[in-house]
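This report concerns only the one structure given below.
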Amino acid sequence: MTDDPWEPFLSTVRTVFAFLVCAVIVLAALALVVGLLLLVRIHLRRIHEVLYLGDHPGVGSPGPEDFAWLGYHGGPVWWDLAEVYRRVRLDTGLFVVFLYPFLAVQAVVAAAHLALAWAGVVASRLVDAALLAARRIRMVCPNCFEAMSYPSYVCDGCGRTHRDVRPGMWGVFRRHCVCDRALPTLLLLGSADLDTRCPHCDHALEHRPGEAREFVLPLFGAAGAGKTRLAHGLYLSLEHGAELHPETLSVELMGEETERRLRESRTVLSPRHRVAPTPPGRRAHGATLRVAAGRRTLLVQMYDTAGEWFNTHERTEELSYLGRATTFLLVLDPLAVPAVWEALDAEEQRRLAGDRSGARDPERAYLQVRDQVQRQYRTLGAAPGRGRLAVVVTRGDLLAGTSVDPRGIPPERWLDEVVGAANLLRAAHVDFGSVEVFVTSAVTGPSGAPDPSLTTLSRWVLARDAGALGAALREPCDPLSDAGEERVPLSAGTGGPS
Ligand SMILES: Nc1nc2c(ncn2[C@@H]2O[C@H](COP(=O)(O)OP(=O)(O)OP(=O)(O)O)[C@@H](O)[C@H]2O)c(=O)[nH]1
Ligand SMILES: [Zn+2]
Ligand SMILES: [Zn+2]
């Protein structure tokens, strides 16, 4: 074996070299770790700035047309991600590639947030829509008669009207008005507590639409037939039922307009009172009553429109609430019909002349409305023939004791034989799913209680859509079950359907 004199030297060189390589590797690894930590720190700082401090000039305030801030899932989540990326790229230059895995994690978190939020949007809207459908709630504006998919709500912080507050881009369970007030996005979450407006005509809706089923009830007939007085009578019969049995039935006038119109009902129905004609040209407007029995609530929208609106096709066409109703009240003044008038003797004619309206032909209003209802049903795709019609003969109290006294005769027969309305009845039976005839006396008795014929009519009106409410009227007001002095019908025997 030959001893290499260079061996110790070479060994030292190798050792030094190995040490240097190790040192470089360790330093490089250290530099990499430190660099990566620095990069991550920059990333986290940018996330903090953009996401938590909201330092994001790219996301400006809502424009003049926008009334709410976008929900985080409605855009800002992506804008923030892009802004963070832009800033870290500026900070780190080419080294940004080392941050790609971290940016990918941020993107995955953003996508998960998005998926969760939109799932919340879809689920809450589905639940809300299903509840409205199950409770058969359709909302109709009593001012413009348009159906609304959802009412508009007024922010209680700044008074801005939010058109469609339902979950979406602007929020899941709450949306934030530009004034920063949080508003509930669904009826389920309490939006009805806010001031409500019609999304079509901006009219204030004071009946909390969406909380209970709506029941559109058009009263129609010639001028002076007795529609206004009958509307008062229907309200008073319900209110009287509620007074007698407050634990089972409650009735509330919804909104100032309804209150202004119906609060004088007791005075209007006093036997000597004469109702002033509805001013011609006055815009029709539904009066809304909230009727509740137990857990059952109904918002009854009564439409008492001046008789002139039923004279021409052009005018009737404007009454688009007709197509939203399934129960109709045709109001008819028997004294106006020549056959009835001529059957009265001279003394009766002299006594009743002031109570006789001018329209001689009740069929005219009927045909106008019938055509219009059919047209609107067709437009809305509603099934024809599903409607119910009550032919309401008014002034039962005035007819009592005369030569044409309807008491003791089935109302439909009386209408056919005495009024001579066979054609009208025939047409009505063809056009409507069910037809009933009532003779009503829109008057109060000596104690202020409304005539039972009004209660009988109210019960029929509510029977199909809210039988429980109609039943709540039965016990206290049924003249057969309680013949108290105040409930003896003025038009006894004529109030019920034939
Ligand atoms: N006694 C009595 N009078 C009635 C009855 N129904 C209506 N009247 C009177 O008949 C007249 C006309 O009644 P309104 O209720 O104003 O008739 P209307 O159909 O609303 O009339 P317009 O709105 O003008 O189309 C008024 O003087 C009422 O007081 C009733 O059942 N009994
Ligand atoms: Zn409206
Ligand atoms: Zn606001």
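Looking for whichever is open to solvent by 10 Å² or more (accessible area, probe 1.4 Å) and within 16 Å of ligand 2 (Cβ to nearest atom) here; the options are His285, His273. Which one fits? Walk me through it before giving the result.
Numbers: His273 fails: within 16 Å of ligand 2 (Cβ to nearest atom).
That would be His285, the only listed residue that is open to solvent by 10 Å² or more (accessible area, probe 1.4 Å) and within 16 Å of ligand 2 (Cβ to nearest atom).
Do the conditions hold for Arg166, that is, is it more than 16 Å from ligand 3 (Cβ to nearest atom), at pLDDT 90 or above and not in a helix (DSSP H, G or I)?
Numbers: more than 16 Å from ligand 3 (Cβ to nearest atom): yes; at pLDDT 90 or above: yes; not in a helix (DSSP H, G or I): yes.
Against the criterion (more than 16 Å from ligand 3 (Cβ to nearest atom), at pLDDT 90 or above and not in a helix (DSSP H, G or I)), Arg166 qualifies.
When residues in segment 293-320 are screened for being touching a strand residue (DSSP E or B) at 6+ places or on another chain (Cβ under 7 Å) and away from ligand 1 (no atom under 16 Å from the Cβ), 5 of them pass.
Consider Val251 carefully, then state whether it is part of a strand (DSSP E or B), away from ligand 1 (no atom under 16 Å from the Cβ), surrounded by fewer than 22 Cβ atoms within 10 Å (Cβ to Cβ) and not polar (S, T, N, Q). Yes: the conditions hold for Val251.
On the stretch given as segment 188-203, residues that are within 16 Å of ligand 2 (Cβ to nearest atom) and either open to solvent by 50 Å² or more (accessible area, probe 1.4 Å) or farther than 11 Å from Tyr153 by Cα (or both) total 6. With respect to the conditions (1) away from ligand 1 (no atom under 13 Å from the Cβ); (2) closer than 19 Å to Asp416 by Cα; (3) assigned to a helix (DSSP H, G or I), Thr379 falls short on a single one, namely (2).
Across segment 337-361, what is the number of residues that are under 15 Å from Glu308 (Cβ atoms) and either within 11 Å of ligand 1 (Cβ to nearest atom) or part of a helix (DSSP H, G or I) (or both)? Final tally of qualifying residues: 3.
Please indicate, with yes or no, whether at least one residue in segment 142-149 is of a type in the set (D, E, K, R) and away from ligand 2 (no atom under 16 Å from the Cβ). Looking through segment 142-149, none of the residues is of a type in the set (D, E, K, R) and away from ligand 2 (no atom under 16 Å from the Cβ).
Let me confirm something: among Ala346, Ala382, Ala353, Ala400, which residue is open to solvent by less than 50 Å² (accessible area, probe 1.4 Å), of a type in the set (Gly, Ala, Ser) and modelled with pLDDT of 90 or more?
Numbers: Ala346 fails: open to solvent by less than 50 Å² (accessible area, probe 1.4 Å); Ala382 fails: modelled with pLDDT of 90 or more; Ala353 fails: open to solvent by less than 50 Å² (accessible area, probe 1.4 Å).
Result: Ala400 is the single residue among Ala346, Ala382, Ala353, Ala400 that is open to solvent by less than 50 Å² (accessible area, probe 1.4 Å), of a type in the set (Gly, Ala, Ser) and modelled with pLDDT of 90 or more.
Looking for something assigned to a loop (DSSP other than H, G, I, E, B), surrounded by fewer than 23 Cβ atoms within 10 Å (Cβ to Cβ) and hydrophobic (A, V, I, L, M, F, W, C) - is there at least one such residue anywhere in segment 225-236? So that I can check it myself, show each step before the final result.
Residues of segment 225-236 assigned to a loop (DSSP other than H, G, I, E, B): 225-226.
Next cut, surrounded by fewer than 23 Cβ atoms within 10 Å (Cβ to Cβ) only: none.
Checking segment 225-236: not a single residue is assigned to a loop (DSSP other than H, G, I, E, B), surrounded by fewer than 23 Cβ atoms within 10 Å (Cβ to Cβ) and hydrophobic (A, V, I, L, M, F, W, C).
The set of residues from segment 140-160 being more than 10 Å from ligand 3 (Cβ to nearest atom) and over 18 Å from Glu256 (Cβ atoms) comprises Val140, Phe145, Glu146, Ala147, Met148, Ser149, Tyr150, Ser152, Tyr153.
Enumerate the helices (runs of 4 or more DSSP H) found wholly within segment 255-331, keeping only those where 1 or more residues are within 29 Å of Tyr377 (Cα to Cα).
Values: elements: 256-262, 265-268, 313-317.
Result: 256-262, 313-317.
Every test in (1) within 16 Å of ligand 1 (Cβ to nearest atom); (2) outside the structural domain of Leu462 (by TED's automatic domain parsing); (3) charged (D, E, K, R) is passed by Lys227 save one, and that test is (2).
Filter segment 171-187 for residues that are crowded, with 20+ Cβ neighbours inside 10 Å and either assigned to a strand (DSSP E or B) or under 12 Å from the mean Cα position of the chain (by Cα) (or both); which is farthest from ligand 3 (Cβ to nearest atom)? Step through it out loud before you land on a result.
Taking segment 171-187 and keeping what is crowded, with 20+ Cβ neighbours inside 10 Å, we get 171-172, 175, 177, 183, 185-187.
Among the residues that remain, those that are also either assigned to a strand (DSSP E or B) or under 12 Å from the mean Cα position of the chain (by Cα) (or both) are: 171, 175, 177, 183, 187.
Values: Gly171: 13, Arg175: 10, Cys177: 3, Leu183: 8, Leu187: 19 Å.
Of everything passing the filter in segment 171-187, Leu187 is farthest from ligand 3 (Cβ to nearest atom).
Take Leu219 and decide whether it is on the phi < 0 side of the Ramachandran plot, open to solvent by 10 Å² or more (accessible area, probe 1.4 Å) and touching a strand residue (DSSP E or B) at 6+ places or on another chain (Cβ under 9 Å). Working first, answer last.
On the way: on the phi < 0 side of the Ramachandran plot: yes; open to solvent by 10 Å² or more (accessible area, probe 1.4 Å): no; touching a strand residue (DSSP E or B) at 6+ places or on another chain (Cβ under 9 Å): yes.
Answer is no for this residue.
Checked against (1) buried (at least 21 other Cβ atoms within 10 Å of the Cβ); (2) modelled with pLDDT of 85 or more, Gly307 meets all criteria but (2).
Identify all residues within segment 92-115 that are among the small types (Gly, Ala, Ser) and in contact (Cβ under 8 Å) with a residue 40 or more places away in the chain; write none if there are none.
Listed by number, the list is empty, since nothing qualifies.
Could you go through segment 213-223 and let me know if any residue there is assigned by TED's automatic domain parsing to the domain that holds Leu398, in a helix (DSSP H, G or I) and over 25 Å from Arg135 (Cβ atoms). Looking for residues that are assigned by TED's automatic domain parsing to the domain that holds Leu398, in a helix (DSSP H, G or I) and over 25 Å from Arg135 (Cβ atoms), one finds none in segment 213-223, hence no. How do the pairs read when you match residues in segment 116-141 that are farther than 21 Å from Gln301 by Cβ with residues anywhere that are open to solvent by less than 80 Å² (accessible area, probe 1.4 Å) and small (Gly, Ala, Ser), using Cβ under 7 Å and keeping only pairs 6 or more apart or on different chains? These pairs meet every condition: Ala117/Gly71; Val121/Gly168. In the condition set (1) open to solvent by 20 Å² or more (accessible area, probe 1.4 Å); (2) within 24 Å of Trp460 (Cβ to Cβ), Tyr321 is compliant with all but (1). Taken together, Gly401, Gly381, Gly408 contain a single residue that is in the same structural domain as Val443 (by TED's automatic domain parsing), touching a residue at least 24 places away in the same chain (Cβ under 8 Å) and not aliphatic (A, V, I, L, M), which is Gly408. Selection of segment 188-205 for residues being in contact with a Lys or Arg (Cβ under 9 Å, 6 or more places away or on another chain), of a type in the set (A, V, I, L, M, F, W, C) and assigned to a helix (DSSP H, G or I) yields Leu189, Ala192. Taken over segment 241-259, residues that are closer than 19 Å to Gln301 by Cβ and without any contact (Cβ under 8 Å) to a residue 24 or more places away in the chain amount to 2.
The values are calculated or read from the model by the stated rules, or taken from the named source; none is laboratory data. Treat the numbers as computed from the prediction; the structure is a model and nothing was measured. Positions of Cβ are generated from backbone atoms using ideal geometry, with glycine treated the same way; all protein chains shown enter the neighbour counts. When the accessible area is computed, the model is the full protein with side chains, heavy atoms only, and any ligands, DNA or RNA have been set aside. Shrake-Rupley method; radii C 1.70, N 1.55, O 1.52, S 1.80 Å.
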